[in-house]
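Colleague: One structure, pasted below without further comment.
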Ligand code: BTN
């Protein structure tokens, strides 16, 4: 059952979108069965949420086609879904909700973030037009397998993008999605555990969709395709694909999926890690605990964290 407020907002927006002329408050109130004051209040809320609605003596007009991610914009109801015009970070909000006991697979979305967080101490550029969200998951997996969510999300996102738009991206260890023109998406994971049990895990995903890129090593789907992307379809399809994969595939198969989508595997890699220092070698795969396996001559090393620099090599050792 769609909630009443969502239904009211969806109906107002549909009426405005389908009308070539301004619509009076009276007409809208007659159609929905609420007072004109209630219509006015909803219009003010929609304006506050970023919709460009003007009003004149003739009525209300919507000045944009609207690429918003609020729950009422989707064709189907979205349970456990909260969208904000702006947040400091969806990770901060996710943590707050997780600690309050929110349900498994709650989604927090922000149109923009004032303090988007990347891995390490990096920030994540979160200007309007990108897709910034966090899934709060209460996994039924031991702590040792937490990385399956991160690599699973990266591999699935690459496949979803290929299916929807016909463009290739690849996963770069540990949790980036890249194209030859630069980084398209990044994933940040946070969690809370009790012993070996994961209480909650939040998977923060930033995808450069229609947002303008300012850094040279970044690109967006819009730049890759030459046209704007509908973020709702991308989010909907990605979530479906991700949930299906996590439900049906074993960790080993998710690791193989990540490896087959990866530009890291088979490349000559230099890795700076706070824990392991400087490592170098050919990336061979990932271990059952999510570490990257590097081979340098006859020596094999593994790295759990770090930033890698790659140089593709034809002949792996
Ligand atoms: C990285 O590549 O460094 C990870 C970037 C993760 C960015 C996303 S955007 C949504 C969520 N909220 C944040 O503050 N960060 C993650």
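The values are calculated or read from the model by the stated rules, or taken from the named source; none is laboratory data. All values derive from a computational prediction rather than experimental measurement. Note: ideal-geometry Cβ built from the backbone for every residue, glycine included; neighbour counts use all protein chains shown.
Colleague: If I go through region 87-109 residue by residue, how many of them are crowded, with 17+ Cβ neighbours inside 10 Å, in a loop (DSSP other than H, G, I, E, B) and within 15 Å of the ligand (Cβ to nearest atom)?
Modeller: Going through region 87-109 one residue at a time, the tally reaches 1.
Colleague: Looking at region 285-298 only, could you name the residues that are in a strand (DSSP E or B) and out of contact with any helix residue (DSSP H, G or I) (no Cβ under 9 Å at 6 or more places or on another chain)?
Modeller: Hits for region 285-298 are 292, 293, 294, 295, 296.
Colleague: Is there any pair linking a residue in region 70-96 that is over 16 Å from residue 231 (Cβ atoms) and modelled with pLDDT under 95 to one that is more than 12 Å from the ligand (Cβ to nearest atom) and not in a helix (DSSP H, G or I), with Cβ under 6 Å and at least six apart or on different chains, and which?
Modeller: Close Cβ pairs satisfying both conditions: 77/2.
Colleague: Could you pull out the residue among 137, 108 that is within 12 Å of the chain's Cα centre (by Cα) and assigned by TED's automatic domain parsing to the domain that holds residue 97?
Modeller: Within the list 137, 108, the selection yields 108.
Colleague: If you check 308, 282, which single one turns out to be touching a strand residue (DSSP E or B) at 6+ places or on another chain (Cβ under 8 Å), assigned to a strand (DSSP E or B) and modelled with pLDDT of 90 or more?
Modeller: On the way: 308 fails: modelled with pLDDT of 90 or more.
On inspection, the qualifying residue turns out to be 282.
Colleague: I need the full set of residues from region 111-155 which are assigned to a strand (DSSP E or B) and either farther than 24 Å from residue 233 by Cα or in contact (Cβ under 8 Å) with a residue 60 or more places away in the chain (or both), in order please. Steps first, please.
Modeller: Keep residues of region 111-155 that are assigned to a strand (DSSP E or B), which gives 111-113, 117, 123, 131-137, 142.
Selection gives 111, 117, 123, 131, 132, 133, 134, 135, 136, 137, 142.
Colleague: Go through 145, 84, 133 for me and flag whichever is within 16 Å of the ligand (Cβ to nearest atom) and within 29 Å of residue 257 (Cα to Cα).
Modeller: Residue meeting the stated conditions: 133.
Colleague: Any residue that is closer than 25 Å to residue 209 by Cα and assigned to a helix (DSSP H, G or I) - is there at least one of those in region 27-34?
Modeller: So the first thing to find is which residues in region 27-34 are closer than 25 Å to residue 209 by Cα, and the list is none.
No: region 27-34 contains no residue that is closer than 25 Å to residue 209 by Cα and assigned to a helix (DSSP H, G or I).
Colleague: Could you list, in sequence order, all residues of region 190-232 that are exposed (fewer than 13 other Cβ atoms within 10 Å of the Cβ) and farther than 30 Å from residue 142 by Cβ?
Modeller: Answer for region 190-232, where residues must be exposed (fewer than 13 other Cβ atoms within 10 Å of the Cβ) and farther than 30 Å from residue 142 by Cβ: 214, 215, 216, 217, 226, 227, 230.
Colleague: In region 157-189, what count of residues is obtained for those that are near the ligand (Cβ under 10 Å from one of its atoms), out of contact with any helix residue (DSSP H, G or I) (no Cβ under 6 Å at 6 or more places or on another chain) and over 27 Å from residue 227 (Cβ atoms)?
Modeller: 2
Colleague: Tally the residues that are touching a residue at least 40 places away in the same chain (Cβ under 8 Å) and closer than 12 Å to residue 179 by Cβ, restricting the search to region 214-223.
Modeller: 5
Colleague: Taking the options 181, 162, name whichever one is out of contact with any strand residue (DSSP E or B) (no Cβ under 8 Å at 6 or more places or on another chain) and modelled with pLDDT under 95. Walk me through how you get there before you give the answer.
Modeller: Details: 162 fails: modelled with pLDDT under 95.
Just a single option satisfies the conditions, and that option is 181.
Colleague: Restricting attention to region 67-80, and to residues there that are more than 15 Å from the ligand (Cβ to nearest atom) and under 15 Å from the mean Cα position of the chain (by Cα), which single residue is surrounded by the most Cβ atoms within 10 Å (Cβ to Cβ)?
Modeller: In the first step, residues of region 67-80 are kept if they are more than 15 Å from the ligand (Cβ to nearest atom); the result is 67-68, 70-80.
Then keep just the ones that are under 15 Å from the mean Cα position of the chain (by Cα); that gives 68, 70.
Details: 68: 17, 70: 24.
The selected residue is 70.
Colleague: Name, by its number, the condition in (1) away from the ligand (no atom under 16 Å from the Cβ); (2) buried (at least 17 other Cβ atoms within 10 Å of the Cβ); (3) under 14 Å from residue 134 (Cβ atoms) that does not hold for residue 59.
Modeller: Only one criterion is unmet by residue 59, namely (3).
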